[in-house]
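*Asks:* If you scroll down you'll find the structure; I have some questions about it.
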Amino acid sequence: MGKHDIISPSEAADRLAIRALVEAYAHCADRRDERGQMSLFTADTHFVVYMNAKDPTPSQELYSREALAPVFAELSKYDATTHFVGQSTIFTLTGDRGTGETYCLAYHLTVDGGRRRLMLASLRYLDTFVKMDGAWLFAERRLYVDWLEERALP
């Protein structure tokens, strides 16, 4: 069997709270709760999108919680979405700061005149977390699109 580090109950609680933060982001996205999604970020958050994960130049870069509103509202153009959160790895966790990476498969359904199309995106998020007033928030979120696929559905 592999060796596992022993963590304190406090660290375990922080890790669980960070996982809940990551899952709340996906939940709010799929429920079109832009305000709820924005509340998961610090006021001076840094949000960076790389539509091509292999290109070091960002497609979009935002510097505040309020600037996120149109990004999150953009999901309303889809008839339905499902953001399926996969593994979430915490790289560092010290006191009130942490870093990590989360994988996500995002399904975006469009219905146009009876024709259904599915856009599937493989996403990775590199995150910096901060604990403020007892709650974990995203201080920085870097979204990397590893690949996209479009399909016609029956």
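The values are calculated or read from the model by the stated rules, or taken from the named source; none is laboratory data. These numbers were taken from a predicted model, which means no experiment stands behind them. Calculation scope for accessible area: heavy atoms of the full protein, side chains included, ligands and nucleic acids excluded. Shrake-Rupley method; radii C 1.70, N 1.55, O 1.52, S 1.80 Å.
*Asks:* Counting only heavy atoms of the protein chains, get the accessible area per residue of the chain (1.4 Å probe) and round it to a whole Å² value.
*Replies:* Here the residues of the chain average 58 Å² of exposed surface.
*Asks:* In the Gaussian network model of the chain, springs joining C-alpha atoms below 10 Å, which of Met132, Met119, Met51 carries the largest mean-square fluctuation?
*Replies:* Evaluated over the chain, the most mobile residue of the options is Met132.
*Asks:* Select from Tyr25, Tyr78, Tyr125 the residue whose mean-square fluctuation is largest in a Gaussian network model of the chain (Cα-Cα springs shorter than 10 Å).
*Replies:* Judging by the Gaussian network model, the answer is Tyr78.
*Asks:* Here is a further query. For a quick check, take a GNM of the chain with Cα springs below 10 Å and name the residue from Arg124, Arg31, Arg116 with the largest mean-square fluctuation.
*Replies:* Residue with maximal mean-square fluctuation among Arg124, Arg31, Arg116: Arg116.
*Asks:* Pull up the DSSP beta bridges for the chain and report the antiparallel fraction as a percent, rounded to 5.
*Replies:* 90 percent
*Asks:* Can you give me the Cα centroid spacing of segment 51-81 and segment 126-145 in angstrom?
*Replies:* 16 Å
*Asks:* At a threshold of 8 angstrom on Cα-Cα distance, excluding pairs fewer than six apart, so keeping six or more, what relative contact order does segment 29-81 reach in percent?
*Replies:* Contact order relative to length: 42 percent.
*Asks:* Let me ask you something else. Leaving ligands, DNA and RNA out of it, report the carbon-plus-sulfur percent of the accessible area of segment 38-132 at a 1.4 Å probe.
*Replies:* The nonpolar share, carbon plus sulfur, comes to 54 percent.
*Asks:* Another question about this same structure. Average the reciprocal distances over every distinct pair of alpha-carbons in the chain, invert the result, and give the Kirkwood radius in Å.
*Replies:* When all Cα pairs of the chain are included, the Kirkwood radius is 16.6 Å.
*Asks:* Quote the accessible area belonging to His4 in square angstrom, nearest 10, computed with a 1.4 Å probe and with ligands, DNA and RNA left uncounted.
*Replies:* Surface accessible to solvent at His4 totals approximately 150 Å².
*Asks:* Using only Cα atoms, tell me the angle between helix 9-30 and the longest principal axis of the chain; keep it within 0 to 90° and round to the nearest 10.
*Replies:* Tilt of helix 9-30: around 10 degrees.
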